[in-house]
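I have placed the structure first, in the form of structure tokens, so that the comments after it can refer back to it.
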Amino acid sequence: MRIEKCYFCSGPVYPGHGVMFVRNDCKSFRFCKSKCHKNFKKKRNPRKTRWTKAFRKASGKELTVDNALEFEKRRNTPVKYSRKLWDKTVEAMKRVEEIKRKRQARFIMNRLKTGKQLDKEEAISEVKKNIHLIKAPHAGKAKQMEDKMVQKLQEDVDMGDEDN
């Protein structure tokens, strides 16, 4: 029992599910759902179709270069069955999956950090541009008026002292 990958969207195709298309040159293509099969028949490019795994990798939204991804490659070399080897393989698969999940989470968080920083800078520039909407036009004028009055009174007192 082997879980194949969809040729178009890279999703899993379980045994007994999906569609298999065999071309005249004997190349076989597996599709997980009719949506993928129809898009393939329309000759659409998976790297330009936004919902596919190929698009996400091409546009930098998913991790593409990682050593953990090397373990997913298909190997066709037959190996003699050994229970110990089987147990080690299952444990290694679990460990690799855990490492891959952590790395992907870290990659996503790093990708989101730049977006948050850009949003913050954009918000600050928006506030600077439209500060007149936030700050009332006469908000600081009362203090200025009071300072002017005190200054005029001081000048009047100084002039009165000079006259005497």
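All Cα-Cα distances of region 94-162, cut into 10 Å bins from zero to the largest, leave 16, 17, 15, 14, 13, 10, 8, 5, 3, 0 percent in each bin in turn. Here the spin labels are modelled as points 7 Å beyond Cα on the Cα-Cβ line, and at GLN151 and GLU122 they lie 4.3 nm apart. For region 1-133, the solvent-accessible area of protein heavy atoms averages 86 Å² per residue (probe radius 1.4 Å; ligands and nucleic acids excluded). The 3J(HN,Hα) values that the Karplus relation (6.51, -1.76, 1.60; θ = phi - 60°) gives for region 107-117 are, in residue order, 4, 5, 5, 5, 5, 6, 4, 5, x, 5, 5 Hz. Gly and Pro appear as x. Distance from the alpha carbon centroid of region 1-80 to that of region 92-135 works out to 30 angstrom. With a threshold of 32 Å on the Cα-Cα distance, the over-threshold entries among LYS42/LYS113; LYS38/LYS61; LYS38/LYS88 are LYS42/LYS113; LYS38/LYS88. The phi torsions of region 141-157, fed into the Karplus equation with coefficients 6.51, -1.76 and 1.60 and a -60° offset, translate into couplings of 6, 4, 5, 5, 4, 4, 4, 5, 5, 5, 5, 5, 4, 4, 5, 4, 5 Hz, rounded to whole numbers, with Gly and Pro shown as x. Take the Cα radius of gyration of region 42-164 and divide it by 2.2 N^0.38 Å, N being the number of residues; the result is 2.52. For a straight C-alpha distance cut-off of 18 angstrom, the aspartates and glutamates reachable from LYS48 (same-chain residues fewer than eight places away being disregarded) are GLU62. Volume per residue for region 1-93 equals 140 cubic angstrom (convex hull of Cα atoms). Only protein atoms count toward the accessible area here, which uses a 1.4 Å probe; on the chain, the carbon and sulfur part of that area reaches 55 percent. For LYS143, a cut-off of 22 angstrom between C-alpha atoms picks up these lysines, skipping any fewer than 8 places away in its own chain: LYS135, LYS152.
Once you have the Kirkwood Rh of region 53-122 from its Cα pairs, apply Stokes-Einstein at 37 °C and 0.692 mPa s and quote D in µm²/s. Translational diffusion coefficient: 220 µm²/s. Applying 0.36 nm per residue to the separation of TYR14 and LYS129 and subtracting their alpha-carbon distance, the gain on full extension is 35.8 nm.
The values are calculated or read from the model by the stated rules, or taken from the named source; none is laboratory data. Keep in mind that this is a model prediction, so the values were computed, not measured. In this analysis, Cβ positions are derived from the backbone assuming ideal geometry, glycine residues included, and neighbour counts consider all displayed protein chains. Surface accessibility is based on the protein's heavy atoms, side chains included, excluding ligands, DNA and RNA. Shrake-Rupley method; radii C 1.70, N 1.55, O 1.52, S 1.80 Å.
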